[in-house]
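Asker: Quick one: the structure is below, and I'll ask about it shortly.
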């Protein structure tokens, strides 16, 4: 996993609620056996017509909006557990997803792939969406070490699990940690009452 | 203070706790399929790691497989490659695999319970969100991402933050024509698509206690549709009777002593949940969804609401535009061209019996294509043994071979763009059953009646 460093970037507004992972990456693109190349099909059916021409009214096709931060409506990433959703967002170039609420499995998948989910209040989210929609050059700063998100003169703190924070900052992942616990795991197995 | 059912099972599996509310949770059974495992096997190999406890894994292909001519090679190249990759990985790493043609093959969440792999008190994971199904047995079962699939392969453990607990109690007698699917669609409509996020749900109450194991699985299966990490139901005599005699279930004295342990797996009277909801079964009627998430459901006789209580009008209208419905309109009388009965939610023998029982001696409407897909080879075999295949055939239904089928559009079974499908699957997201497909979620009984009538009707008027 890549190390997560402070992000200062413009952002892409996608003010839709309950965005499910089927929209982020439709099922028909899950047939790959490697992790690469999913960014091309990110939001495929919202982004392209059936004849593969870009849909002009979809925000990723609007050259005014670019950046490493996606700002979305509440309950982002609900539905399927497919990690391909996190891979496609990261592969496309997003480093941070801002929303007022994230689905559990998506949040875990994002954190395991160096993609930071930043959960903010509804008020902050609305102000952020309004600001970037009105002025696409608005710079947003996401400081993981300080757990702060800022734009213009507004700032909010966000929560992140301390273990996951350390993993992101150092580029570690859970496997590194777990494989060093094998003796403890074996001891648990010998003592376990569960069949 | 007493413990909840969830606390008892979770606590029994904590290898150690880390600072920051993360536990190293031991996983008793790891189910894998072809879609979410290839990158996990690659990750393991890249790091030079081997499977830590391969005997605790079971593999089957389900998402990509055709539901016709399963004895022939898979036509679609990418699907074939993904299934072949699973086969090769399982062979290389010596993982138990039920491939196409094997009598145990089927949808991963259907075969776990029917083989006795799913047991009370176990922790179970799979790279698939509907792993919550197995909670019907009093297991802590939840879906994981591919990185976590690799973690379990490497260590048989997961780093997990402990979810909050919620109890949803349903009491009372069910109305005519109301099935488990209606109960869960009703609960999700009340709690919304995000109402369970951060929680593990226990379903309780007299209505739940009277349900069969298959009906309980339908309920737990859809816990994820309100964002919950999983759902579970305390094991009881119904559970023990279902498990006894199954292929991998404990036998003889081992079974008896297991039952003694399983009987301790219930929420203590003085245990406290972080959140509680109570519903009256008599308020539940046959349900149908009208929108693009499973929380957008109504009693089949009611009108599409003008707006949901929360969320923006724009997102709500976008959803209705996709479905071709308007606020305030009734769905009754809407012509339907596709009926799909199957998926890990409703493809068990009980579901097939409900459909066959209703359609016996009737004919499907001419405008409908009606597909019924058993969840496993064993369900298929039993359906044939009971003569359900003939009943379905005579009614104009097509009984396919087992797999995930038209639930999510990864194989050839898709609903064409713009067309309506009444489906017993679990998700009505945009494009879920194929690009542009419009899915209306419902029970197997609603699906059966729709197939015969060719349109949406008040099913209670069509029941004896």
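The values are calculated or read from the model by the stated rules, or taken from the named source; none is laboratory data. Here the structure is a predicted model, which means the values were calculated and not measured. For neighbour counting, all protein chains shown are included, and Cβ atoms are generated from backbone atoms with ideal geometry for every residue, glycine included.
Asker: Within the range B:301-315, track down each residue that is touching a residue at least 24 places away in the same chain (Cβ under 8 Å) and within 21 Å of residue B:420 (Cα to Cα).
Answerer: B:301, B:302, B:303, B:304
Asker: Determine which member of the set B:282, B:289, B:301, B:267 is touching a helix residue (DSSP H, G or I) at 6+ places or on another chain (Cβ under 6 Å) and at pLDDT 95 or above.
Answerer: None of the others qualify; the one that does is B:267.
Asker: Tally the residues that are at pLDDT 95 or above and assigned to a strand (DSSP E or B), restricting the search to the range B:379-398.
Answerer: First, the residues of the range B:379-398 that are at pLDDT 95 or above: B:379-397.
Pick out the ones that are also assigned to a strand (DSSP E or B) and you get none.
Residues in the range B:379-398 being at pLDDT 95 or above and assigned to a strand (DSSP E or B): 0 in total.
Asker: Search the range A:64-84 for residues that are more than 7 Å from chain B (Cβ to nearest Cβ) and over 26 Å from residue B:316 (Cβ atoms) and pair each with any residue that is assigned to a loop (DSSP other than H, G, I, E, B) and at pLDDT below 95 when their beta-carbon atoms are under 9 Å apart and the residues are at least 6 apart or on different chains.
Answerer: A:84/A:32; A:84/A:35
Asker: Report yes if some residue within the range B:153-171 is in contact with a strand residue (DSSP E or B) (Cβ under 7 Å, 6 or more places away or on another chain), modelled with pLDDT of 95 or more, buried (at least 24 other Cβ atoms within 10 Å of the Cβ) and in a loop (DSSP other than H, G, I, E, B); otherwise report no.
Answerer: Among the residues of the range B:153-171, at least one is in contact with a strand residue (DSSP E or B) (Cβ under 7 Å, 6 or more places away or on another chain), modelled with pLDDT of 95 or more, buried (at least 24 other Cβ atoms within 10 Å of the Cβ) and in a loop (DSSP other than H, G, I, E, B), which makes the answer yes.
Asker: For residues that are part of a loop (DSSP other than H, G, I, E, B) and at pLDDT 95 or above, scanning just the range A:32-48, find the one that is farthest from the other protein chains (Cβ to nearest Cβ).
Answerer: In this case the residue turns out to be A:42.
Asker: Still on this structure, please answer the following. Within the range B:348-364, can one find any residue that is surrounded by fewer than 22 Cβ atoms within 10 Å (Cβ to Cβ), more than 22 Å from residue B:217 (Cα to Cα), out of contact with any helix residue (DSSP H, G or I) (no Cβ under 8 Å at 6 or more places or on another chain) and in contact (Cβ under 8 Å) with a residue 40 or more places away in the chain?
Answerer: Scanning the range B:348-364 turns up no residue that is surrounded by fewer than 22 Cβ atoms within 10 Å (Cβ to Cβ), more than 22 Å from residue B:217 (Cα to Cα), out of contact with any helix residue (DSSP H, G or I) (no Cβ under 8 Å at 6 or more places or on another chain) and in contact (Cβ under 8 Å) with a residue 40 or more places away in the chain.
Asker: Just name the residue that is nearest to the other protein chains (Cβ to nearest Cβ) out of those in the range B:71-89 that are closer than 17 Å to residue B:400 by Cα and surrounded by fewer than 18 Cβ atoms within 10 Å (Cβ to Cβ).
Answerer: Once the filter is applied, the top-ranked residue is B:75.
Asker: Here is a further query. I'd like the full set of residues that are touching a helix residue (DSSP H, G or I) at 6+ places or on another chain (Cβ under 8 Å) and assigned to a helix (DSSP H, G or I), limited to the range A:116-175.
Answerer: Once the filter is applied, which keeps residues that are touching a helix residue (DSSP H, G or I) at 6+ places or on another chain (Cβ under 8 Å) and assigned to a helix (DSSP H, G or I), the range A:116-175 yields A:164, A:167, A:168, A:174, A:175.
Asker: Given the options B:121, B:112, B:106, name the one that is touching a residue at least 40 places away in the same chain (Cβ under 8 Å), touching a helix residue (DSSP H, G or I) at 6+ places or on another chain (Cβ under 9 Å), within 13 Å of chain A (Cβ to nearest Cβ) and over 19 Å from residue B:150 (Cβ atoms).
Answerer: B:121
Condition check ((1) closer than 15 Å to residue B:248 by Cβ; (2) touching a strand residue (DSSP E or B) at 6+ places or on another chain (Cβ under 6 Å); (3) part of a helix (DSSP H, G or I)) across all residues:
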{"site": "B:89", "(1), (2), (3)": "no, no, yes"}
{"site": "B:92", "(1), (2), (3)": "no, no, yes"}
{"site": "B:103", "(1), (2), (3)": "yes, no, no"}
{"site": "B:113", "(1), (2), (3)": "yes, no, yes"}
{"site": "B:116", "(1), (2), (3)": "yes, no, no"}
{"site": "B:119", "(1), (2), (3)": "yes, no, no"}
{"site": "B:124", "(1), (2), (3)": "yes, yes, no"}
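Asker: Only one of B:183, B:187 is more than 14 Å from every other protein chain (Cβ to nearest Cβ), crowded, with 22+ Cβ neighbours inside 10 Å, within 22 Å of residue B:349 (Cβ to Cβ) and touching a helix residue (DSSP H, G or I) at 6+ places or on another chain (Cβ under 9 Å); which?
Answerer: B:183 is the lone residue from the list that is more than 14 Å from every other protein chain (Cβ to nearest Cβ), crowded, with 22+ Cβ neighbours inside 10 Å, within 22 Å of residue B:349 (Cβ to Cβ) and touching a helix residue (DSSP H, G or I) at 6+ places or on another chain (Cβ under 9 Å).
Asker: Follow-up question, since we're still on this one. Mind listing just one residue for me: the one in the range A:91-101 that is over 9 Å from the mean Cα position of the chain (by Cα) and not in a helix (DSSP H, G or I) and, of those, farthest from residue B:147 (Cα to Cα)?
Answerer: If we take residues in the range A:91-101 being over 9 Å from the mean Cα position of the chain (by Cα) and not in a helix (DSSP H, G or I), then A:100 is farthest from residue B:147 (Cα to Cα).
Asker: Can residue B:141 be described as more than 10 Å from chain A (Cβ to nearest Cβ), within 30 Å of residue A:176 (Cα to Cα) and modelled with pLDDT of 95 or more? Break it down into steps so the answer makes sense when it comes.
Answerer: Working: more than 10 Å from chain A (Cβ to nearest Cβ): yes; within 30 Å of residue A:176 (Cα to Cα): yes; modelled with pLDDT of 95 or more: yes.
Against the criterion (more than 10 Å from chain A (Cβ to nearest Cβ), within 30 Å of residue A:176 (Cα to Cα) and modelled with pLDDT of 95 or more), residue B:141 qualifies.
Matching residues to (1) within 14 Å of another protein chain (Cβ to nearest Cβ); (2) surrounded by fewer than 19 Cβ atoms within 10 Å (Cβ to Cβ); (3) within 22 Å of the chain's Cα centre (by Cα):
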| position | (1), (2), (3) |
| --- | --- |
| B:262 | yes, no, no |
| B:267 | no, no, no |
| B:300 | no, no, yes |
| B:304 | no, yes, no |
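Per-residue answers, yes or no, for (1) under 24 Å from residue B:140 (Cβ atoms); (2) at the interface with chain A (Cβ under 9 Å from one of its Cβ atoms):
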site	(1), (2)
B:10	yes, no
B:15	yes, yes
B:27	yes, no
B:30	yes, no
B:39	no, yes
B:50	no, no
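Asker: Only one of these conditions is not met by residue B:351: (1) within 14 Å of chain A (Cβ to nearest Cβ); (2) modelled with pLDDT of 95 or more; (3) over 24 Å from residue B:416 (Cα atoms). Which number is it?
Answerer: The single condition residue B:351 does not satisfy is (1).
Asker: Additional query: Scan the range B:58-70 and give yes if some residue there is within 25 Å of residue B:373 (Cβ to Cβ), at the interface with chain A (Cβ under 9 Å from one of its Cβ atoms) and buried (at least 22 other Cβ atoms within 10 Å of the Cβ), otherwise no. Steps first, please.
Answerer: The first filter runs over the range B:58-70 and keeps only residues within 25 Å of residue B:373 (Cβ to Cβ), leaving B:58-70.
Those still in the list that are at the interface with chain A (Cβ under 9 Å from one of its Cβ atoms) too: B:63-64.
Restricting the remaining residues to those that are buried (at least 22 other Cβ atoms within 10 Å of the Cβ) gives B:63-64.
Yes, there is a match, as at least one residue in the range B:58-70 is within 25 Å of residue B:373 (Cβ to Cβ), at the interface with chain A (Cβ under 9 Å from one of its Cβ atoms) and buried (at least 22 other Cβ atoms within 10 Å of the Cβ).
Asker: Let me ask something else. Regarding residue A:61, is this residue more than 23 Å from residue A:102 (Cα to Cα) and in contact with a strand residue (DSSP E or B) (Cβ under 7 Å, 6 or more places away or on another chain)?
Answerer: Considered against the rule, which asks whether it is more than 23 Å from residue A:102 (Cα to Cα) and in contact with a strand residue (DSSP E or B) (Cβ under 7 Å, 6 or more places away or on another chain), residue A:61 comes out as yes.
Asker: Please verify whether residue A:162 is at the interface with another protein chain (Cβ under 8 Å from one of its Cβ atoms) and more than 23 Å from residue B:153 (Cα to Cα), treating the condition exactly as stated.
Answerer: In short, yes.
Asker: Return the residue satisfying two criteria in turn: it lies in the range B:365-378 and is part of a loop (DSSP other than H, G, I, E, B) and touching a helix residue (DSSP H, G or I) at 6+ places or on another chain (Cβ under 9 Å), and of such residues it is surrounded by the fewest Cβ atoms within 10 Å (Cβ to Cβ).
Answerer: From the range B:365-378, those part of a loop (DSSP other than H, G, I, E, B) are B:365-368, B:373-375; that's our starting set.
Going one step further and asking which of them are touching a helix residue (DSSP H, G or I) at 6+ places or on another chain (Cβ under 9 Å), we end up with B:365, B:368, B:373-375.
Values: B:365: 18, B:368: 22, B:373: 28, B:374: 31, B:375: 32.
In this case the residue turns out to be B:365.
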